[in-house]
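Comments concern the structure below.
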Amino acid sequence: MYCLKALQQKLRKKWQSGFFHQAWLAQQLCCSSFADQQHIERTAALPFRLPLGKPTDKQLLHDFAVLQDELRQFRTATPGLAEVIVEEQEFQFAKMGRHRLPVALQFLSFDSIARFVGELRLWKQFVLDCQLISMQLPALNPWLSNNYAAVLRYQGKWRPLLAVCRYFLQHPKPALYMRQLDIPGVDTKFIEQHQAILANLLDAVLPETAVDSNVDLRAERGFERRFGLRYPQPMIHFRLLDSQLSRELAGINELALPLDSFCQLDQQMDMQFLDHVFITENKINGLAFPQQKNAMVIFGLGYGIHSLKQVTWLITKQLWYWGDIDSHGFAMLSQLRSYFPTAKSLLMDETTLLQCRDLWGQEPPSSRHKAKVLPCLTEAEQLLFEQLQTDYWTPALRLEQERLPFFVLKKKLTSLF
């Protein structure tokens, strides 16, 4: 009951819950100055009272010697606790008579609580960090009041974090690579390693015009895209399958362009004669794709196919997706069709699968797509996908693009046009 160690553990649980950090912040942000520490503590929930409990008559009777020993140790130790008052009260016990016993510890300051639970050094750093944040970027005060845990998590890093915030306030949407940001005391690695907290802070302080709120930070290059930085573009590898089209690009028929440039390809060549765009995952299939009038083939993107949703001129073309007949092939087809609803599949049907039975392989079970339903498949495609997922023909069946005989592709293309 009077064991200081047990009391410390009890109070530490409340400390670790953030109760005192939040109470201190709530009062601090109401004050006109961080320097007015005494005012903060007078208006906060201080003194904080930690009840000790009252022994029963039975405890005193049976454990009198033990309790007396605990009480002596307690009274010896507590005078050394700065800004801590031992609250005592006299009790009349039926069998043990009158005794004056401690009933509570009163803590007069947040420092005294921090010292009691062994967190004084970290507490002082927390106070300094909060002062720094509020003084350097007052606009973060509303954020600060709800994010004590983030202040603790990034102790010792707030000067560079705030320096990055100030830079973006002065240079919104800088259109530079991260490596080009000239922020004293902050290197590229620091920004890369602290993107989550920086995004949180920048969302709080930047004006709406400086943030692309449509970009999910979890998306590829989400930080750079959200806050207007340049980044290495995914490369779009494609071939023009019609010599007439290649004349638009000085006779070049195979190119790899950064995504931004590919998005503007319609400004470099006359797209009115481009009717069909084939998309295939396999690079060799793209390089060997047969010539087709008014067509191009894009290849080698895999799940990077999401990049194509930025290419607005593709909306006006008939898209054909040729992927593996397996769980991921259909997942990528569904993904593409979520951006371009009129996209059609090529050689991803039951007829092709059964025609090439001797070319079947296995999809590694551990890497199979987990979905049971893909939202953007046709009824026939969804049925085939479900049959693959339930091992309708054979366990973990897959038919890879590159296994199909080339004549099968040529025959299919002939039937399309």
- Query: For the range 224-233, in order, what is each residue's ³J(HN,Hα) by Karplus, 6.51 cos²θ - 1.76 cosθ + 1.60 with θ = phi - 60°, in whole Hz (x at glycine and Pro)?
  - Reply: 4, 5, 5, 10, x, 9, 7, 7, x, 6
- Note on the structure: Applied in sequence order to the range 117-128, the curve 6.51 cos²θ - 1.76 cosθ + 1.60 (Karplus, θ = phi - 60°) yields integer Hz couplings, x standing for Gly and Pro, of 8, x, 10, 5, 4, 5, 5, 4, 5, 4, 4, 4
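Tell me, in nm to one decimal, what length is gained between HIS171 and LEU122 on full extension, where the rule is 0.36 nm per residue of separation less the Cα-Cα distance?
Numbers: separation 49, 0.36 × 49 = 17.64 nm, distance 3.38 nm.
Gain on extension, HIS171 to LEU122, equals 14.3 nm.
Scale the Cα Rg of the range 289-337 by the rule-of-thumb value 2.2 N^0.38 Å and send over the ratio, two decimals. Could you put the intermediate results ahead of the total?
Values: Rg = 11.5 Å, N = 49, 2.2 N^0.38 = 9.7 Å.
So the range 289-337 has a normalised radius of gyration of 1.19.
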- Phi to ³J(HN,Hα) by Karplus 6.51 cos²θ - 1.76 cosθ + 1.60 over the range 238-249, Hz, x for Gly, Pro: 8, 10, 8, 8, 10, 4, 5, 5, 5, 4, 5, 10
- Query: What angle do you read, to the nearest 10 degrees and between 0 and 90, between the alpha-carbon axis of helix 4-16 and the longest principal axis of the chain?
  - Reply: 40
- Check ILE236: other-chain or 5+ apart residues with amide H under 5 Å from its amide H, H built from backbone geometry? LEU257, LEU259
- Per principal axis, largest first, the Cα atoms of the chain extend in Å by 106, 55, 28
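Between beta-carbons, use under 15 Å as the cut-off and find the net charge around ARG159, counting Lys and Arg +1, Asp and Glu -1. If you can, show how the numbers build up before the last one.
On the way: positive: LYS157, ARG166; negative: ASP129, ASP187.
Taking every other residue near ARG159 into account, the sum is 0.
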- Between the range 258-309 and the range 332-391, what is the C-alpha centre distance in whole Å? 22
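Sort SER243, SER366, SER145 so the one with the fewest other Cβ atoms within 10 Å of its own Cβ comes first.
SER366, SER243, SER145
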- Message: Greater than 24 Å separation of Cα atoms is the criterion. Which listed pairs, LYS10/LYS157; LYS370/LYS411; LYS189/LYS370; LYS309/LYS344, meet it?
- Response: LYS10/LYS157; LYS370/LYS411; LYS189/LYS370
- Query: Mind checking Rg over Rh on the range 118-180, alpha carbons, Kirkwood formula for Rh?
  - Reply: 1.05
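Fewest Cβ neighbours within 10 Å first, please rank HIS194, HIS21 accordingly.
Values: HIS194 17, HIS21 21.
Lowest to highest Cβ neighbour count: HIS194, HIS21.
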- Prolate/oblate/rounded call for the range 170-216, Cα gyration tensor, a/c under 1.5 rounded: prolate
- Any residue on another chain or 5+ positions along whose placed amide H is under 5 Å from the amide H of GLU254 is listed here as LEU240
- Message: Quick query: amide H of LEU176 versus all other amide H atoms, modeled in the peptide plane; which residues come in under 5 Å with a sequence gap of 5 or more or a different chain?
- Response: ARG230
- Note on the structure: Ranked from fewest to most other Cβ atoms within 10 Å of their own Cβ, MET332, MET271, MET135 fall in the order MET135, MET271, MET332
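Semi-axes of the range 235-416's equivalent ellipsoid from the Cα gyration tensor, sqrt of 5 times each eigenvalue, largest first, rounded to whole Å?
On the way: eigenvalues 173, 61, 37 Å².
Each semi-axis is √(5λ); the values are 29, 18, 14 Å.
Each value in this text was obtained by applying a stated rule to the coordinates, not by laboratory testing. As the structure is a prediction and not an experimental result, all values here were calculated from the model. When we count neighbours, we look across all protein chains shown, and the Cβ atoms used for this are built from the backbone with ideal geometry, even at glycine.
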